[in-house]
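Enquirer: Pasting a structure below so you can have a look.
The values are calculated or read from the model by the stated rules, or taken from the named source; none is laboratory data. Everything numeric here is computed off the predicted structure, so don't read it as measured data. Cβ coordinates were reconstructed from backbone atoms using ideal geometry, including for glycine residues, and neighbour counts include every protein chain displayed.
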Amino acid sequence: MEATGLSKCTVSFGLALAIASVINGLLVIAKEKISAVQAAMQKLTGNHWVTQGVIVLGVFALLGWLFAQANGGQGIKLTANRLIGALVAGVATGALLILGFYLIGA
């Protein structure tokens, strides 16, 4: 594999951000469509938006740490261009999920 010039944490937490963005979009849809999900999230912290933030930040931190441990502790190897592509795809997917839901599915 070629040298990427990116640290293992940059790649790991970049990928975690992409996945957390999609999960964030899915959580918005789930809690808006299923009242039991929103009620459960409301009950956990007193505000469903706070619960959502805690979940998304937890997913981000956990996945970033797990990805950094991959490959014998060397982290996932990606080129800068592939990481940027994954980041753009993840954030765009999360945004389109939310936008599409409120424009079409709400």
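Enquirer: So, of the residues in segment 94-106 that are surrounded by fewer than 16 Cβ atoms within 10 Å (Cβ to Cβ) and under 15 Å from the mean Cα position of the chain (by Cα), which turns out to be nearest to Asn24 (Cα to Cα)?
Expert: Ala95
Enquirer: Tell me, which residue of segment 74-90 that is surrounded by fewer than 16 Cβ atoms within 10 Å (Cβ to Cβ) and in contact (Cβ under 8 Å) with a residue 24 or more places away in the chain is farthest from Leu26 (Cα to Cα)?
Expert: Step by step, filter segment 74-90, then rank; the result is Gln74.
Enquirer: Grab the helices (runs of 4 or more DSSP H) fully contained in segment 1-84, keeping just those with 3 or more residues being of a type in the set (A, V, I, L, M, F, W, C) and under 22 Å from Ala95 (Cα atoms).
Expert: 8-33, 48-69
Enquirer: So in segment 39-65, with the set limited to residues that are of a type in the set (Phe, Trp, Tyr) and surrounded by fewer than 18 Cβ atoms within 10 Å (Cβ to Cβ), which one is farthest from Leu87 (Cα to Cα)?
Expert: Filtering segment 39-65 for residues of a type in the set (Phe, Trp, Tyr) gives 49, 60, 65.
With surrounded by fewer than 18 Cβ atoms within 10 Å (Cβ to Cβ) added as a condition, the list becomes 49, 65.
Working: Trp49: 23, Trp65: 17 Å.
This residue is Trp49.
Enquirer: Would you mind telling me which numbered condition in (1) free of Cβ contacts under 8 Å to residues at least 40 places away in the same chain; (2) closer than 20 Å to Ile19 by Cβ; (3) among the β-branched types (Val, Ile, Thr) Ile34 fails?
Expert: (2)
Enquirer: Checking the structure you have, find out if any residue of segment 21-35 is of a type in the set (Ser, Thr, Tyr) and touching a helix residue (DSSP H, G or I) at 6+ places or on another chain (Cβ under 9 Å).
Expert: Within segment 21-35, one or more residues are of a type in the set (Ser, Thr, Tyr) and touching a helix residue (DSSP H, G or I) at 6+ places or on another chain (Cβ under 9 Å).
Enquirer: Do we have Ala16 as of a type outside the set (Phe, Trp, Tyr), at pLDDT 95 or above and more than 15 Å from the chain's Cα centre (by Cα) here?
Expert: Criteria not met by Ala16.
Enquirer: So, in segment 91-106, exactly how many residues are in contact (Cβ under 8 Å) with a residue 24 or more places away in the chain and either on the phi > 0 side of the Ramachandran plot or part of a helix (DSSP H, G or I) (or both)?
Expert: 9
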